[in-house]
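Engineer: Shown below is the structure under consideration.
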Amino acid sequence: MKPVFVLLALRLAACGSSDNSCQGGDCQCTDGEPCEHTCTGGETCSVQCPAGETCNVTCADGETCNVQAQTSSTTTVSCATATVCAVQCPATGCTVTDCGATCSVMCGPSDATPTLSGTTATCP
C-alpha cells in the first residue's frame, strides 16, 4: 500500500496543488473547483481547466505550455518565456500575458482572434 500512496503523493506534488489530478506536466483540474497551476519546467505542461470555474496558469521558461480553458468562467495565463504557449480561452474573460511570437490564443468555441496589446492577448 505504501508504494501506491507515495506514487499518488508524487503526482500531486508535481502539479503544485492537491486540487488537481496530475501526471508529470499533464493536469486535469477538479470539476467544481477553481484551477491554480504553476508549471515546473523541463517538460510539456498541459492543463485542462474545469467548466464554469476560474483558471490561473503560470507556464515555465523553455517548455511547451498548453492550456484548455474554453469552458472556464475566467482565465489568466502567464506564458513567461515558454517555448510554445497555446491557450484555448473562453469567449470572454481571458487574459494571456507574456504572449510572444510562439504564442497562440483562441477565444471561445468559434476560435475567434483575441485583442492584442503589446504582449498581452485578451478575449473581451
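Engineer: Name the one entry in Cys103, Cys27, Cys22 that is touching a residue at least 24 places away in the same chain (Cβ under 8 Å) and either crowded, with 21+ Cβ neighbours inside 10 Å or of a type in the set (A, V, I, L, M, F, W, C) (or both).
Structural biologist: Details: Cys27 fails: touching a residue at least 24 places away in the same chain (Cβ under 8 Å); Cys22 fails: touching a residue at least 24 places away in the same chain (Cβ under 8 Å).
It is Cys103.
Engineer: If I filter the stretch 61-80 down to residues being part of a loop (DSSP other than H, G, I, E, B), of a type in the set (Gly, Ala, Ser) and modelled with pLDDT of 95 or more, which single residue comes out as farthest from Ser104 (Cα to Cα)?
Structural biologist: Ser73
Engineer: Now for a separate question. Give the residue, chosen from Thr75, Thr58, Thr113, Thr81, that is surrounded by fewer than 18 Cβ atoms within 10 Å (Cβ to Cβ) and closer than 21 Å to Asp26 by Cα.
Structural biologist: Details: Thr75 fails: surrounded by fewer than 18 Cβ atoms within 10 Å (Cβ to Cβ); Thr58 fails: surrounded by fewer than 18 Cβ atoms within 10 Å (Cβ to Cβ); Thr113 fails: closer than 21 Å to Asp26 by Cα.
None of the other options fit; the residue is Thr81.
Engineer: Follow-up. For the stretch 84-110, enumerate the residues that are part of a loop (DSSP other than H, G, I, E, B), touching a Ser or Thr at 6+ places or on another chain (Cβ under 7 Å) and closer than 22 Å to Gln28 by Cα. Before you say what the answer is, go through the steps one by one.
Structural biologist: To start, the set of residues in the stretch 84-110 that are part of a loop (DSSP other than H, G, I, E, B) comprises 90-93, 98-102, 108-110.
Filter once more, keeping what is touching a Ser or Thr at 6+ places or on another chain (Cβ under 7 Å): 90, 93, 98-100, 102.
Pro90, Gly93, listed by residue number.
Engineer: Sticking with this structure for a sec: Considering (1) on the phi > 0 side of the Ramachandran plot; (2) at pLDDT 95 or above, say which one Gly42 fails and leave the rest.
Structural biologist: (2)
Engineer: Just need a number here: residues in the stretch 45-55 that are touching a strand residue (DSSP E or B) at 6+ places or on another chain (Cβ under 9 Å) and either surrounded by fewer than 18 Cβ atoms within 10 Å (Cβ to Cβ) or polar (S, T, N, Q) (or both). Please lay out each step first, then the result.
Structural biologist: Kept after step one, since they are touching a strand residue (DSSP E or B) at 6+ places or on another chain (Cβ under 9 Å), are these residues of the stretch 45-55: 45-50, 53-55.
Now narrow it down to the ones that are either surrounded by fewer than 18 Cβ atoms within 10 Å (Cβ to Cβ) or polar (S, T, N, Q) (or both): 46, 48, 54.
Total satisfying the criteria: 3.
The values are calculated or read from the model by the stated rules, or taken from the named source; none is laboratory data. Computed from a predicted model, the values in this text were never measured in an experiment. Neighbour counts are summed over all protein chains in view; Cβ atoms, including those assigned to glycine, are modelled from backbone coordinates with ideal geometry.
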